[in-house]
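Trainee: Take a look at the following structure, please.
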């Protein structure tokens, strides 16, 4: 491996290696019905944050690079499987700037190619220790549970912050947790030690997701890549709307019945201290994430810490 | 285990044990969006032929009964996963006499619960040897390929018998092959020896599927559980129609352009020796299936042979 001059260079290097490994996943030519959409998905402009995290965690634990790459690619395939199926369920039309599989082809094609991506992820895990296989699938089940909860929560305005946190923890946090945990397991850490790394990723994912809800209202449209308030207008649950409803259900009902604008939302959240409460929750999960790194030797925590900062500053 | 008085009693006993084990698969209560359809599917009236075959093969190889039950349940979950997703893709409305998941709920629910069934199958494999995990997923990929080919073949009247055999081998045969193979692998047979058992199941599956196409025309409606000729009328490829087209493309085109009745089909297939050719192909695969059993000690082949007879006589 070449000398690494900075964290950012290291990330760029890892991303390049991951792209190369993704292109080497053994994928047959036919049947094209199954494999063309899989190739289409894998050549999309994903940020590869999850496989990068597998490598960073594994490097902090002196894991074997070849094993790390297998786990990293398996995680990226798993992530893409869940995106392809979630996009059907959520009716999303674009992903990474290109049409989703069910838009480009049809739903049957998207169901089958999603399945294929997941099977490929299992095949790539072959040869890694059984605990890796087990945790990989336990977390996949949690991701399915998170998606199930998300579907249940649509149009349910009685969801509490506690339920919401469990949902995003399973749907988004658990997979980041798995990435960090796999690096530790492949570095020979036992299950309990490795669990601290799961906590790192899980809590980082929670902080990120709540921050995302926050930026939807208080952010900058050009950085967000979508218009402010779009989730709220679609009636989706977000951390801020749940906090506001939890705090003053009647006031919130009155407020939302008047088709508020984004600046109305901003004023409401500020006046009712929802903004500061949201910031407090985000910082709570950031602290918990960083505490998960304490099992790593001090001098090896640096890249993991910088990864957290990169994620939270959306510099990727 | 109680004394077994006959093959049929043994099958009944195994089916009962499999049903009990299926009810013990650890399935959470919530989210109900994910788990209710899974419970609904598993309580359906499946014949459990695949897990029964895992046990029979494993018993012929003196495998550990607890390991066999894990593999048997994993295979049954895998089978149900593929049925739930295939039923969406094929627009089928009933399965084992009850509405399919996407009919009873909706497509999103069916996609997610299918995914969940597959993840559960992977979790149940935990602790079994890596080769079991690997073969399980290699065959699952073949099943996905078979479904992809089947979708490609819809409305394509240039499919040859060779292509059709590859498709049904992947879509139907490979999973039966896996069942027999897993019993051998869990009984300590090496990969090459176990492959003979894969060949047994694969070829049995091919014979069964071609026979199914045959019975569609020459069978008895009450035994078939569907009206004769329904696949042909829907424009599906069947072994007999492909054989007929391969033999005399122009004659076949002329014949089918006149909306033939079932008795017209019967006369055509008899007059053009398609019936005898179909029987020859079926017997070829039955012979190949039975040859796969030759690696088993003579006195232990009996139940496997009777299983093949049961399948081919549709006595289940």
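Only the coordinates and a few stated rules stand behind these numbers; no lab work does. All of these numbers come straight from a predicted model, not from anything done at the bench. So basically every Cβ, Gly included, is an ideal-geometry build from the backbone, and we count neighbours across all protein chains shown.
Trainee: Restricting attention to segment A:101-111, does a residue exist that is within 26 Å of residue B:74 (Cβ to Cβ), within 12 Å of another protein chain (Cβ to nearest Cβ), buried (at least 22 other Cβ atoms within 10 Å of the Cβ) and in contact with a helix residue (DSSP H, G or I) (Cβ under 6 Å, 6 or more places away or on another chain)?
Mentor: yes
Trainee: Right, residue A:174: assigned to a helix (DSSP H, G or I), within 13 Å of chain B (Cβ to nearest Cβ) and within 25 Å of residue A:52 (Cβ to Cβ) or not? Reasoning before the result, please.
Mentor: On the way: assigned to a helix (DSSP H, G or I): yes; within 13 Å of chain B (Cβ to nearest Cβ): yes; within 25 Å of residue A:52 (Cβ to Cβ): yes.
In short, yes.
Trainee: Considering only segment A:227-254, state which residues are farther than 25 Å from residue A:179 by Cβ and in a loop (DSSP other than H, G, I, E, B).
Mentor: If the condition is that a residue be farther than 25 Å from residue A:179 by Cβ and in a loop (DSSP other than H, G, I, E, B), then A:227, A:228, A:229, A:234, A:235, A:236, A:237, A:248 are the ones that fit.
Trainee: If I ask for residues that are at the interface with another protein chain (Cβ under 9 Å from one of its Cβ atoms) and surrounded by fewer than 24 Cβ atoms within 10 Å (Cβ to Cβ), which ones from segment B:72-85 would you list?
Mentor: Correct list: B:82 only.
Trainee: Across segment A:142-171, what is the total count of residues that are in a helix (DSSP H, G or I) and more than 18 Å from residue A:210 (Cβ to Cβ)?
Mentor: Of all residues in segment A:142-171, those in a helix (DSSP H, G or I) come to A:142-153, A:161-171.
Adding the requirement that they be more than 18 Å from residue A:210 (Cβ to Cβ) leaves A:142-145, A:147-148, A:151-152.
Looking only at that region, the number is 8.
Trainee: Of the conditions (1) surrounded by fewer than 18 Cβ atoms within 10 Å (Cβ to Cβ); (2) away from chain B (no Cβ under 14 Å); (3) part of a helix (DSSP H, G or I), residue A:62 fails just one. Which one is it?
Mentor: (3)
Trainee: So residue A:160 fits all but one of (1) under 15 Å from the mean Cα position of the chain (by Cα); (2) under 22 Å from residue A:247 (Cα atoms); what number is the exception?
Mentor: That leaves (1) as the condition not met.
Trainee: Taking segment B:234-244, which residues are closer than 17 Å to residue B:264 by Cβ and in contact with a helix residue (DSSP H, G or I) (Cβ under 9 Å, 6 or more places away or on another chain)?
Mentor: Across segment B:234-244, the qualifying residues are B:238, B:240, B:241, B:243, B:244.
Trainee: Find the residue count for segment B:86-100, including only residues that are free of Cβ contacts under 8 Å to residues at least 12 places away in the same chain and either away from every other protein chain (no Cβ under 14 Å) or surrounded by 22 or more Cβ atoms within 10 Å (Cβ to Cβ) (or both).
Mentor: Number satisfying all stated conditions: 3.
Trainee: Please tell me if residue A:68 is part of a helix (DSSP H, G or I) and either under 20 Å from residue B:106 (Cα atoms) or in contact (Cβ under 8 Å) with a residue 60 or more places away in the chain (or both).
Mentor: yes
Trainee: Which numbered condition in (1) within 23 Å of residue A:36 (Cα to Cα); (2) free of Cβ contacts under 8 Å to residues at least 60 places away in the same chain; (3) surrounded by fewer than 21 Cβ atoms within 10 Å (Cβ to Cβ) is the only one that residue B:160 fails?
Mentor: (2)
Trainee: Is it the case that segment B:201-212 has a residue that's surrounded by 13 or more Cβ atoms within 10 Å (Cβ to Cβ) and either under 16 Å from residue B:262 (Cβ atoms) or out of contact with any helix residue (DSSP H, G or I) (no Cβ under 7 Å at 6 or more places or on another chain) (or both)?
Mentor: So far as segment B:201-212 goes, yes, one or more of its residues are surrounded by 13 or more Cβ atoms within 10 Å (Cβ to Cβ) and either under 16 Å from residue B:262 (Cβ atoms) or out of contact with any helix residue (DSSP H, G or I) (no Cβ under 7 Å at 6 or more places or on another chain) (or both).
Trainee: Please enumerate the residues belonging to segment B:139-149 that are facing chain A (nearest Cβ under 9 Å) and either closer than 11 Å to residue B:168 by Cα or surrounded by 23 or more Cβ atoms within 10 Å (Cβ to Cβ) (or both).
Mentor: Passing the criteria: B:140, B:143, B:144, B:145, B:146, B:147, B:148, B:149.
Trainee: Is it the case, given these coordinates, that residue B:124 is touching a residue at least 40 places away in the same chain (Cβ under 8 Å) and closer than 20 Å to residue B:25 by Cα?
Mentor: Details: touching a residue at least 40 places away in the same chain (Cβ under 8 Å): yes; closer than 20 Å to residue B:25 by Cα: yes.
Considered against the rule, which asks whether it is touching a residue at least 40 places away in the same chain (Cβ under 8 Å) and closer than 20 Å to residue B:25 by Cα, residue B:124 comes out as yes.
Trainee: Hey, does segment B:22-30 have a residue that's touching a helix residue (DSSP H, G or I) at 6+ places or on another chain (Cβ under 9 Å), away from chain A (no Cβ under 14 Å) and assigned to a helix (DSSP H, G or I)?
Mentor: The answer is yes; a qualifying residue exists.
Trainee: A follow-up question, please. Can you name the residue in segment B:84-100 that is touching a helix residue (DSSP H, G or I) at 6+ places or on another chain (Cβ under 8 Å) and assigned to a helix (DSSP H, G or I) and is also farthest from residue B:35 (Cα to Cα) among such residues?
Mentor: Of everything passing the filter in segment B:84-100, B:89 is farthest from residue B:35 (Cα to Cα).
Trainee: Please go through segment B:213-232 and give me each residue that is exposed (fewer than 14 other Cβ atoms within 10 Å of the Cβ) and closer than 19 Å to residue B:90 by Cβ, ordered by number.
Mentor: Selection gives B:225, B:226, B:227, B:230.
Trainee: Taking the condition part of a helix (DSSP H, G or I) and within 21 Å of residue B:114 (Cβ to Cβ), does residue A:53 pass?
Mentor: Spelling it out, it is not the case that residue A:53 is part of a helix (DSSP H, G or I) and within 21 Å of residue B:114 (Cβ to Cβ).
Trainee: Would you confirm whether or not segment A:114-127 contains a residue that is outside any helix (DSSP H, G or I) and within 7 Å of chain B (Cβ to nearest Cβ)?
Mentor: Yes: one or more hits.
Trainee: Let me ask something additional. Scan segment A:128-137 for residues that are without any contact (Cβ under 8 Å) to a residue 60 or more places away in the chain and either within 12 Å of residue A:74 (Cα to Cα) or facing chain B (nearest Cβ under 7 Å) (or both) and report the count.
Mentor: 4
Trainee: Okay, moving on. When only residues in segment A:245-257 that are out of contact with any helix residue (DSSP H, G or I) (no Cβ under 7 Å at 6 or more places or on another chain) and without any contact (Cβ under 8 Å) to a residue 24 or more places away in the chain count, which is surrounded by the most Cβ atoms within 10 Å (Cβ to Cβ)?
Mentor: A:256
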